[in-house]
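These notes are about the structure you will find just below.
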Amino acid sequence: MRVYLPLLFVLLCGISLLVGARQISGYQLITLSDDAWLTLMASRLPRLITVSLTGVGLAICGVILQHIVRNKFVEPATSGGLDAAKLGILVSLPLMPTAGVGSRMLAALLFCFAANVIFIAIVRRIKFINTVLIPVIGLMYGGVLSALAEFYAYRHNILQSMQGWLLGDFSKIVQGHYEIIYLILPVVILAYVYAHRFTVLGMGEEMATSLGVNYLVTSAIGLMLVAITVSVTVIAVGAIPFVGLVIPNLVALYYGDNLARTLPAVALSGATLLLACDIAGRLLIYPFEVPIGLTSACVGGVLFLILIVRRAQ
């Protein structure tokens, strides 16, 4: 991993702690100003942790999906997983109105896992000659799930609040309301433990089986890690697309596809990209804020188109 990436991440962390509707100067922190430290500990530090772990988790689950499906253009936003998680949360609201965050996360996890299994079954059944068609099918599949979510929200009179609630936004992250994001840490650890097996999955089922890897079990573990990450991020901050698509492709260009070697770079790059998008969202219309779902979709969408055009040439 090159030196500039960790340095850039540290620099963005420092900027993230100081930038916001209430500016904090380095002098206030050094002199132990009560107001500055309260803002730092109650809001800025939880937000920094949430942004970093979200970027790490989304980038890692993107690269896991790409190895399982064997397609560079697949991630939760292009495989229906993100839309399925939103549908799961919406379904749980009327059925379990008094349920806590854990129950809603479980509903999102189950829907996301099931949607990913169905998507992989579709991809395995239909033999695509052009790899670009696979994410196109995923986007169509996700569109159907999104339409079902909106119809369900309309039937239960929660349509008006659905878009604003599910749009990725870190502005509401404060101490005591972000700790669920720490569930991404065991996902990262398990992803690293299974990194070599996920790399073998990318070679195909026959090759993986010949090398002694249980294809179905390893794929199920990977899909469960993806479902946990997506459900946690949707519950904590809402939907954030394209991070899991762009980062693995950019890292693969420089470091290759061996996850045991590239996973730290994927994780750090995901956190760095999301931090940059979050800081940009805080500065574009200062002192107001652009939700991270908009800034990441804009940046990720442009990079996604560049990757598709480059692959098609």
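Here, each number is a calculation from the coordinates, and none is a lab measurement. A quick note: this is a predicted structure, and the numbers were derived from the prediction, not measured. So basically every Cβ, Gly included, is an ideal-geometry build from the backbone, and we count neighbours across all protein chains shown.
Could you go through the range 37-50 in sequence order and give the Karplus-derived ³J(HN,Hα) for each residue, using 6.51 cos²θ - 1.76 cosθ + 1.60 with θ = phi - 60°, rounded to whole Hz, and x for Gly and Pro?
Once θ is set to phi - 60°, the couplings for the range 37-50 become 5, 5, 4, 5, 7, 8, 10, 5, 5, x, 5, 4, 4, 5 Hz.
Report the dimensions of the range 4-312 along its three principal axes from the alpha-carbon atoms, largest first, rounded to Å.
The principal-axis extents, from largest down, are 63, 50, 34 Å.
Do you know the relative contact order of the chain, to the nearest whole percent, from alpha carbon pairs under 8 angstrom that are 6+ apart?
Relative contact order, the chain: 31 percent.
Rounded to the nearest 0.05, what FRET efficiency is calculated for A147 and S210 with R0 set to 41 Å and r the Cβ-Cβ distance?
0.45
Could you state the number of Å between the C-alpha centres of the range 185-210 and the range 236-313?
Cα centres, the range 236-313 to the range 185-210: 23 Å.
Could you work out the helix-only [θ] at 222 nm for the chain, with each DSSP H run of four or more residues adding -39,500 (n - 2.57) and the total divided by the number of residues, to the nearest 500 deg cm²/dmol?
One gets -24000 deg cm²/dmol as the mean residue ellipticity at 222 nm.
Full-extension gain between N258 and L45, please, as 0.36 nm times their residue separation minus the C-alpha to C-alpha distance.
Net length gain for the segment: 73.4 nm.
Listed highest first by mean packing, meaning other Cβ atoms within 10 Å per residue, what order do 49-61, 192-204, 174-186 come in?
For the peptides 49-61, 192-204, 174-186, the packing ranking is 49-61, 192-204, 174-186.
Tabulate in residue order the Karplus-calculated ³J(HN,Hα) for the range 256-262, using 6.51 cos²θ - 1.76 cosθ + 1.60 with θ = phi - 60°, rounded to whole Hz; enter x for Gly and Pro.
x, 10, 7, 5, 4, 9, 9
Scan around L167 for amide H atoms under 5 Å from its own, H built in the peptide plane at 1.01 Å from N, and keep only partners 5 or more places away or cross-chain.
Amide H to amide H, under 5 Å and 5 or more residues apart or across chains, L167 pairs with A239.
Using the Karplus curve 6.51 cos²θ - 1.76 cosθ + 1.60 with θ = phi - 60°, work out ³J(HN,Hα) for each residue of the range 141-155 in order, rounded to whole Hz, and write x for Gly and Pro.
4, x, x, 5, 5, 5, 5, 5, 5, 5, 5, 5, 5, 5, 5
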